[in-house]
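One structure below.
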């Protein structure tokens with residue numbers, strides 16, 4: 001199947017995961033989006049993934065707010081985002097093609113990347129990890145000085 005064409009699309013959320021990446025140990029959000037509208041890629045899905053801690057936390061937090069999270073307790077973010085989507089909430093996403101080189105063959109290849117969400121492969125959080133993520137989100141939001149959603 002061909003890659004989703006680069007461009008700006010209207011999309012709705014079809015899946016959300018918020019947790020700890022078992023490979024890198026970072027806290028992140030992964031959101032699956034379905035493309036809407038009158039276009040050749042209507043109905044196709046693309047994933048957005050963003051860290052929720054560290055230097056890129058503000059983008060992940062702002063993205064989740066734009067997707068329907070109220071920005072308060074992260075433990076409710078997944079359900080709030082899914083509820084917003086089921087209620088008709090849509091977002092604009094930008095799709096771009098990103099180049100990489102296949103390590104086995106050395107061939108140049110491309111993949112479609114959503115500059116905003118992805119599937120659910122994160123480890124569930126225990127109580128200590130949940131508290132740590134909550135503190136990190138609060139710190140990122142207070143240091144940024146801006147809790148308003150940023151456009152995708």
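The values are calculated or read from the model by the stated rules, or taken from the named source; none is laboratory data. Fair warning: this is a prediction, and the values are worked out from it, not measured in the lab. Cβ sites come from the backbone with ideal geometry, for glycine too, and all protein chains shown count toward neighbours.
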Q. Within the range 122-131, is there a residue that is out of contact with any strand residue (DSSP E or B) (no Cβ under 7 Å at 6 or more places or on another chain), at pLDDT 70 or above and either outside any helix (DSSP H, G or I) or surrounded by 13 or more Cβ atoms within 10 Å (Cβ to Cβ) (or both)?
A. yes
Q: Determine if the range 4-21 includes at least one residue that is under 19 Å from residue 138 (Cα atoms), outside any helix (DSSP H, G or I), in contact with a helix residue (DSSP H, G or I) (Cβ under 7 Å, 6 or more places away or on another chain) and free of Cβ contacts under 8 Å to residues at least 24 places away in the same chain.
A: no
Q.
Going residue by residue through the range 28-40, is there one that turns out to be within 21 Å of residue 130 (Cβ to Cβ), surrounded by fewer than 21 Cβ atoms within 10 Å (Cβ to Cβ) and touching a residue at least 12 places away in the same chain (Cβ under 8 Å)?
A. yes
Q: Could you run through the range 22-41 and say how many residues are part of a loop (DSSP other than H, G, I, E, B), at pLDDT 90 or above and over 19 Å from residue 86 (Cβ atoms)?
A: 4
